[in-house]
Amino acid sequence: MRALHKDFGVEIQGIDLHEAALHFPQIREAFEEHSLLLFRNQHLNEESHLAFGRLFGTIEIRERHPENHEVRVSIVSNRREDGYLEDEEGSRFMHQRANQLWHTDSTFLPTPALANILTARVIPSSGGATEFVSSRVAWRELPEKVREKTRNLIFLHRYAHSRKVVSEAAANLDIVTMWPDTKWKAIWRNPVNGTESLYLASHAYGVAGMNEQEGKLLINELIEFSTDPHRIYSHQWLPGDVLVWDERATMHRGTSWPYDEERTLASICITASKSDGLDHVFPN
Ligand SMILES: [Fe+2]
């Protein structure tokens, strides 16, 4: 294993993820411990990507009635179905720009995510990195006064909040407004090793019981502290790379690239369950 950042993240070598089941206890152990895993040269197709994801739990389906939908990988790309590259003003770019805010995926869903498994298919000649920080380490290193103030808080999350930062139109899309607001405790405790992480995202718009302005200020302060440049691991993708990250213990963001070039990644999220500490993060 090779460290990706002094605080978190490892590259795991010598494993073919098409045979991930054979190595899963070790992979899961590394996931709990290091929060971010990199596997190179994997070239997973949809089937093997989903099979790998199922080892972690149930694959997330972002639909109002998930039972009516087939599980699929999500393609994150500026290449449209008609073959052309999306115009910078297009709706895909609104989503991409929102992805460039520090966030944790799926905090706006009724059941949030445990992990994301993202793989690169087509990479531009420069840029297009995905950046990560450990919200476990950030929580540990916060000044004691701020920790005390934050420990028992409940953050309010709304998908439209992060979209609104980018565009009013994006915030009003049905796929955004269909999710009712969610509330999560500020700290997610990992039930395997007892570590605590700040559970925060660009979707957080306020703090329960705090006035709006004060809540926003605190959220911004916490995100700023957690994402200080020295905490960032920036991943420059190569085709075939697979990154697995712990949504409970990290934040991430995309970065820009020359938009006249294609960038295509495929992603799945795994829904968190009781054994991942989900019960603890629900407000009482
Ligand atoms: Fe994301």
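The values are calculated or read from the model by the stated rules, or taken from the named source; none is laboratory data. Small disclaimer: the values here were computed from a predicted structure and weren't measured. Please note: Cβ atoms are built from the backbone with ideal geometry, for glycine as well, and neighbour counts cover all protein chains shown.
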Looking at the stretch 22-40, is at least one residue over 30 Å from Lys183 (Cβ atoms), of a type outside the set (Lys, Arg), at pLDDT below 95 and crowded, with 16+ Cβ neighbours inside 10 Å? no
Looking only at the stretch 100-128, which residues are surrounded by fewer than 20 Cβ atoms within 10 Å (Cβ to Cβ) and within 11 Å of the ligand (Cβ to nearest atom)? Gln100, Leu101
What are the residues in the stretch 244-275 that are buried (at least 22 other Cβ atoms within 10 Å of the Cβ), closer than 16 Å to Glu32 by Cβ and either within 12 Å of the ligand (Cβ to nearest atom) or hydroxyl-bearing (Ser, Thr, Tyr) (or both), if any? Trp245, Glu247, Thr250
Which residues, counting only those in the stretch 31-61, are touching a residue at least 60 places away in the same chain (Cβ under 8 Å) and farther than 30 Å from Asp7 by Cβ? Glu46, Leu50
Can you name every residue in the stretch 140-165 that is charged (D, E, K, R) and at pLDDT 95 or above? Arg140, Glu141, Glu144, Lys145, Arg147, Glu148, Lys149, Arg151
Taking the conditions exactly as written (of a type outside the set (Ser, Thr, Tyr), at pLDDT 95 or above and in contact with a Pro (Cβ under 6 Å, 6 or more places away or on another chain)), does Ile117 satisfy them or not? no
Going through the stretch 233-267 in order, the residues found to be in a strand (DSSP E or B) and among the basic types (Lys, Arg) are Arg253
Select from the stretch 157-174 the residues that are free of Cβ contacts under 8 Å to residues at least 40 places away in the same chain and within 18 Å of the chain's Cα centre (by Cα) and list them in ascending order. Ala160
From Thr107, Thr119, grab the single residue that is part of a loop (DSSP other than H, G, I, E, B) and within 21 Å of the chain's Cα centre (by Cα). Thr107
Can you tell me which residue is modelled with the highest pLDDT among those in the stretch 83-99 that are assigned to a helix (DSSP H, G or I) and away from the ligand (no atom under 12 Å from the Cβ)? Arg97
Before we move on, is Glu131 among the charged types (D, E, K, R), away from the ligand (no atom under 13 Å from the Cβ) and surrounded by fewer than 23 Cβ atoms within 10 Å (Cβ to Cβ)? no
Within the stretch 122-133, of all residues that are part of a strand (DSSP E or B) and more than 10 Å from the chain's Cα centre (by Cα), the one farthest from Ser202 (Cα to Cα) is Val122
Subset of the stretch 62-80 (residues that are touching a residue at least 40 places away in the same chain (Cβ under 8 Å), of a type in the set (D, E, K, R) and closer than 24 Å to Thr111 by Cβ): Arg62, Arg64
